[in-house]
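Contents: one structure, followed by commentary.
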Amino acid sequence: LAATTAADDAEAVQLPKTSQARFELDLRQSMDWIKRHDNKVGTVQILLLSYENFNPDNYYEYVDNLVRRGADADKLHVFKTYTGNREVYSVFYDEFASRKAAIGAIDGLPKVLRDTSPLARSVGGLWQEIRRLEARN
């Protein structure tokens, strides 16, 4: 292994210093993810969280527990959406060729995710909820 230099260290990715900053980064990265996918792509919704009393420390405690129990952190995405007449954070896992493929994949998810009563969704359906939220604000 080559020794690292000060220049190498300066180029290292800076991790967010607070859970709120980490959450804001995750929201931006999730929006980048959804923008790269066709509306027909499927995903699995694993969690809805109310905006009211949202605490990023509690959220990451939950997410870190999912990861310790077999979920892949790189497959988690979180979005601000509007569903059921309320503003929520919707948490999704993985991507599949279609909503139908996502339905078929649910039984193969890690048990910790199957225990969340996951719901197969399409990227198009998720976009509808994001746009409803944008229209309200």
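The values are calculated or read from the model by the stated rules, or taken from the named source; none is laboratory data. Predicted, not measured: the structure shown is a model, and the values here were computed from it. Note that we place each Cβ from the backbone using ideal geometry, even for glycine, and neighbour counts take in every protein chain shown. We work out accessible area using only protein heavy atoms, side chains counted, and drop any ligands, DNA or RNA first. Shrake-Rupley method; radii C 1.70, N 1.55, O 1.52, S 1.80 Å.
Quick notes on this structure:
- Relative to the dominant Cα principal axis of the chain, helix 19-35 is inclined by about 60°.
- Difference of contour (0.36 nm per residue) and Cα-Cα distance, Phe54 to Val67: 2.6 nm
- When all protein chains stay in place and ligands, DNA and RNA are ignored, the 1.4 Å accessible-area order of Lys40, Lys111, largest first, is Lys40, Lys111.
- Here the extension length gained between Lys75 and Lys35 equals 12.9 nm, from 0.36 nm per residue of separation less the Cα-Cα distance.
- Share of carbon and sulfur in the accessible area of the chain stands at 48%, probe radius 1.4 Å.
- The listed residues Arg28, Arg22, once ranked by accessible area (1.4 Å probe) with the largest placed first, stand as Arg28, Arg22.
- Residues Phe79, Phe54 ordered from highest to lowest accessible area at a 1.4 Å probe: Phe54, Phe79.
- Neighbour net charge for Ile34 - beta-carbon separation under 14 angstrom, K R +1, D E -1: +1
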